[in-house]
Amino acid sequence: MAALAAAILRRSALLITVALIITAVLCAGLVNVHRLRHGPVAALATHRAVVSAEVEIRADPHRITGSGPRAGAAVMKAATVRLEGRGGAWLVRAPLLLVVSGPEFEQWFHVPVGSRARVDGRMEAPEPGSDVAAVLRVRGSPAVVKAPSLGLRLVERVRAGLREAVADRRPEPRALVPALVLGDTSAL
């Protein structure tokens, strides 16, 4: 705001324009943070509610390796489409971190990006400063209710072809090539 006031006092069109753009970006950022931290998804996460949700898969799953209670799981970015819990139902788009565990978690590695799946799980609050509205912990296999769009299916065919082309390489290049070319970091 101080930059905007200084630009008006100097009567500089360039400074006024820059100050207005900076103000608009800051306001958009504040609206996004408010959207992530308030609303039905954040409220359900705060109460660790058990929910039924339809989610859209936004990224490839990443395997959690090691030992302990979180081994044998996968994490992936998703977005809510429909959410039911604690006696309410919402059509809301909010970014989630999906944590999948259980004996059938391997099936999630075969769900293409862009698919919509029906899941049941427990909501949890994300880490402070996170770019997601909630963490949704899911056990079991995915129930795909809608396939990805035609464009995303074509992209997946290209990605599968690239993975096949480097399949006979050592593990490091086999993971690095799809990551660099397509942003597919699932094997890293």
Pick from the range 59-85 the residues that are outside any strand (DSSP E or B) and at pLDDT 85 or above: which of them is least open to solvent (accessible area, probe 1.4 Å)?
-> 61
Could you list all residues from the range 86-105 that are touching a residue at least 12 places away in the same chain (Cβ under 8 Å), open to solvent by 40 Å² or more (accessible area, probe 1.4 Å) and out of contact with any His (no Cβ under 8 Å at 6 or more places or on another chain)?
-> 90, 93, 97, 104
Would you check if there is a residue in the range 113-126 being more than 20 Å from residue 179 (Cβ to Cβ), in contact with a Leu (Cβ under 6 Å, 6 or more places away or on another chain) and surrounded by 17 or more Cβ atoms within 10 Å (Cβ to Cβ)?
-> yes
How many residues, within the range 127-173, are in a loop (DSSP other than H, G, I, E, B), open to solvent by 50 Å² or more (accessible area, probe 1.4 Å), aliphatic (A, V, I, L, M) and modelled with pLDDT of 85 or more?
-> 1
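The values are calculated or read from the model by the stated rules, or taken from the named source; none is laboratory data. Because the structure is predicted, anything quoted here is derived from the model rather than measured. Positions of Cβ are generated from backbone atoms using ideal geometry, with glycine treated the same way; all protein chains shown enter the neighbour counts. Protein only, heavy atoms only, side chains kept; ligands, DNA and RNA dropped before computing areas. Shrake-Rupley method; radii C 1.70, N 1.55, O 1.52, S 1.80 Å.
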